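The values are calculated or read from the model by the stated rules, or taken from the named source; none is laboratory data. Predicted model, so just to flag it, every value in this text is computed and none were measured. Reconstructed Cβ throughout: ideal geometry from the backbone, glycine too, with neighbour counts over all protein chains shown. Quick note on the areas: whole protein, heavy atoms, side chains included, nothing else; ligands and nucleic acids left out. Shrake-Rupley method; radii C 1.70, N 1.55, O 1.52, S 1.80 Å.
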Amino acid sequence: MNVYDACKPALFALPAETAHRSIHRLLRTVQGTPVTDLLRRRYVVEDPRLRTAAFGCSFPNPVGVAAGFDKNAEIPRALAALGFGHVEVGGVTAEAQPGNPRPRMFRLREDSGLINRMGFNNQGADRVGRRLDDEPLPTVPVGINIGKSKSTPLAEAPGDYEYTYERVADAGDYFVVNVSSPNTPGLRSLQDRDALESILGTLTDAGADPLLVKLSPDLPRPAIEEALAVVDDLGLDGVIATNTTTDRPDSLQSPQRAERGGLSGKPIEGTATDLIRFIAERTDVPIVGVGGVDDAYGAYEKIRAGASVVQLYTGLVYQGPSVARDINEGLLELLDRDGFESVEDAVGADL
């Protein structure tokens, strides 16, 4: 039994958000200390076969941290020291906001899933932007996920996104427009073609580059195709697939399955992988694969379905700090098994 497995019963005895804050504070405390170097030696897997490139960024390995884990960009160096090949911070909104009332995060332990209705709680673009500018950043790419402030009318969304972008622009290696969280009222309507064109066009004019859009797994396939047409028309650099889902599969066993919010983790793994394949068949832009990744095989499936890199959040909760290392070591074995010389060679191999 490793250290995390020994600590997990105590952590899981706490409410999910309380446990997350405790881990977050611990990582914030050790970040930049000699402990970070110890973590790096233990968890970072260095192998040229893991290196990959997408939307102008070079990744030392394809396994990243999804938005939501480090909302306020407080621990990107600590997460990189755990072996992640990129860190996406946020969602950041123009206004600081507390998010939805607690409790708002729930473990589905029997299903290896989470439900959250956080509501873009964050310190706001001004404060997060200053932190990104003032504190050292990791050597791995840092993405910045941008959401809409809850109080901003939908018609004013383009300016709201632009305000946030301008305050984080100097620090990001890539930028993500989040129009797919289920926890901000009306946000998903911004995935409609006209609204999406307005937001993305505003950010493109403001110089956001590289620029990606994060899509919902709940969009009907024709709506996904419409969104991809906007991506192609505006020359966007990539797509993130997927956000959380409001669907509740019949297979869910946990008593928390009825909670409102976005479902993530193992229960959406297959849906996310299928959507990655659907998108990869219809566009040439790189895809970031998210949804249920917690082991090498799941990451490999998404890569072979067309994802250039993958991200996880829920997998870190259930598997602990060794998850990136374990996935990367497993990917090397799978590449050897199937005769691929690198991760890049495996991207889209099943298409």
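Residues that are among the hydrophobic types (A, V, I, L, M, F, W, C) and under 22 Å from Asn72 (Cβ atoms), at least 2 per element: which helices (runs of 4 or more DSSP H) completely within segment 134-239 meet that?
Of the helices (runs of 4 or more DSSP H) lying wholly inside segment 134-239, those with at least 2 residues that are among the hydrophobic types (A, V, I, L, M, F, W, C) and under 22 Å from Asn72 (Cβ atoms) span 157-168.
Applying the selection to segment 208-230, what residues are farther than 23 Å from Ala155 by Cβ and surrounded by fewer than 18 Cβ atoms within 10 Å (Cβ to Cβ)?
Selection gives Asp209, Pro220, Arg221, Pro222, Glu225.
So, Ala169, is that one out of contact with any Gly (no Cβ under 9 Å at 6 or more places or on another chain) and free of Cβ contacts under 8 Å to residues at least 40 places away in the same chain or not?
No; evaluated as a whole, the condition is false for this residue.
Looking only at segment 118-161, filter to residues that are acidic (Asp, Glu) and closer than 18 Å to Ser189 by Cα; which one of those is least open to solvent (accessible area, probe 1.4 Å)?
Asp160
Name the single residue that is least open to solvent (accessible area, probe 1.4 Å) among those in segment 242-274 being out of contact with any strand residue (DSSP E or B) (no Cβ under 6 Å at 6 or more places or on another chain), part of a loop (DSSP other than H, G, I, E, B) and over 16 Å from Arg188 (Cβ atoms).
Selected residue: Leu252.
Going by the structure shown, is Glu88 at pLDDT 95 or above and more than 18 Å from Leu312 (Cα to Cα)?
Judged against the criteria, Glu88 is not a match.
Looking only at residues that are of a type in the set (D, E, K, R) and open to solvent by 60 Å² or more (accessible area, probe 1.4 Å) in segment 181-199, which one is modelled with the highest pLDDT?
Ranking the qualifying residues of segment 181-199, first place goes to Glu197.
Please work out which one of (1) in contact with a Pro (Cβ under 8 Å, 6 or more places away or on another chain); (2) surrounded by 19 or more Cβ atoms within 10 Å (Cβ to Cβ) is the condition Gly172 fails and give its number.
Here Gly172 clears every test but (1).
Restricting to segment 275-294, and then to whatever is part of a loop (DSSP other than H, G, I, E, B), touching a strand residue (DSSP E or B) at 6+ places or on another chain (Cβ under 8 Å) and more than 12 Å from Thr242 (Cα to Cα), can you tell me which residue is least open to solvent (accessible area, probe 1.4 Å)?
Thr283
I'd like the full set of residues that are of a type in the set (Ser, Thr, Tyr), within 25 Å of Asn61 (Cβ to Cβ) and out of contact with any helix residue (DSSP H, G or I) (no Cβ under 6 Å at 6 or more places or on another chain), limited to segment 1-50.
Answer for segment 1-50, where residues must be of a type in the set (Ser, Thr, Tyr), within 25 Å of Asn61 (Cβ to Cβ) and out of contact with any helix residue (DSSP H, G or I) (no Cβ under 6 Å at 6 or more places or on another chain): Tyr4, Thr33.
Report yes if some residue within segment 92-100 is under 23 Å from Gln319 (Cα atoms), at pLDDT 95 or above and of a type in the set (Asp, Glu); otherwise report no.
no
Could you list, in sequence order, all residues of segment 306-337 that are farther than 13 Å from Val63 by Cα, in a helix (DSSP H, G or I) and under 18 Å from the mean Cα position of the chain (by Cα)?
Within segment 306-337, Thr314, Val317, Tyr318, Gln319 meet the criteria.
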